[in-house]
1. Only residues that are over 16 Å from T71 (Cα atoms) and within 11 Å of the chain's Cα centre (by Cα): list them for the stretch 9-27, please.
2. Residue by residue through the stretch 5-40, note down the ones that are in a loop (DSSP other than H, G, I, E, B) and among the basic types (K, R).
3. Scan the stretch 53-63 and give yes if some residue there is in contact (Cβ under 8 Å) with a residue 24 or more places away in the chain and surrounded by 17 or more Cβ atoms within 10 Å (Cβ to Cβ), otherwise no.
4. On the phi < 0 side of the Ramachandran plot and more than 14 Å from the chain's Cα centre (by Cα): does that describe T53?
5. I need the full set of residues from the stretch 64-76 which are surrounded by 11 or more Cβ atoms within 10 Å (Cβ to Cβ) and assigned to a loop (DSSP other than H, G, I, E, B), in order please.
6. Quick check on my filter: what residues within the stretch 1-42 are among the β-branched types (V, I, T) and free of Cβ contacts under 8 Å to residues at least 24 places away in the same chain?
7. Output the residues belonging to the stretch 42-63 that are under 21 Å from L18 (Cβ atoms) and either assigned to a helix (DSSP H, G or I) or at pLDDT 95 or above (or both).
Amino acid sequence: MRYNKQTCHRCGAETNSLRASWFNIHLLCCDCRQEEAAHPLYTYAQHVEFVKTQTGNYFFAGIGLPVDIQTKHCRQ
């Protein structure tokens with residue numbers, strides 16, 4: 001099976017594996033995922049998504065990317 005490199009939506013790095021963000025709809029590389037997991041709002045974002053899916057909202061876009069992460073990865 002052939003795998004294609006994919007691009008992290010947050011930092012732009014090429015990777016073999018992407019995972020979804022809890023904050024928004026970005027697909028993240030392992031480094032960005034670890035950075036996100038260390039953020040103080042991470043547990044809150046997980047909880048809110050859990051509550052939304054329990055009420056039938058399976059298309060919840062997340063609580064939004066925190067400003068500190070957004071400014072760090074802002075591409076100009």
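The values are calculated or read from the model by the stated rules, or taken from the named source; none is laboratory data. It should be emphasised that the depicted structure is a prediction, and the values quoted were computed from it without experimental measurement. Positions of Cβ are generated from backbone atoms using ideal geometry, with glycine treated the same way; all protein chains shown enter the neighbour counts.
1. Correct list: L18, R19, A20, S21, W22, I25, L27.
2. Scanning the stretch 5-40 gives K5, R10.
3. Yes, the stretch 53-63 has at least one match.
4. Considered against the rule, which asks whether it is on the phi < 0 side of the Ramachandran plot and more than 14 Å from the chain's Cα centre (by Cα), T53 comes out as yes.
5. Once the filter is applied, which keeps residues that are surrounded by 11 or more Cβ atoms within 10 Å (Cβ to Cβ) and assigned to a loop (DSSP other than H, G, I, E, B), the stretch 64-76 yields G64, L65, P66, H73.
6. Within the stretch 1-42, T7, T15 qualify.
7. Result: Y42, A45, Q46, E49, T53, I63.
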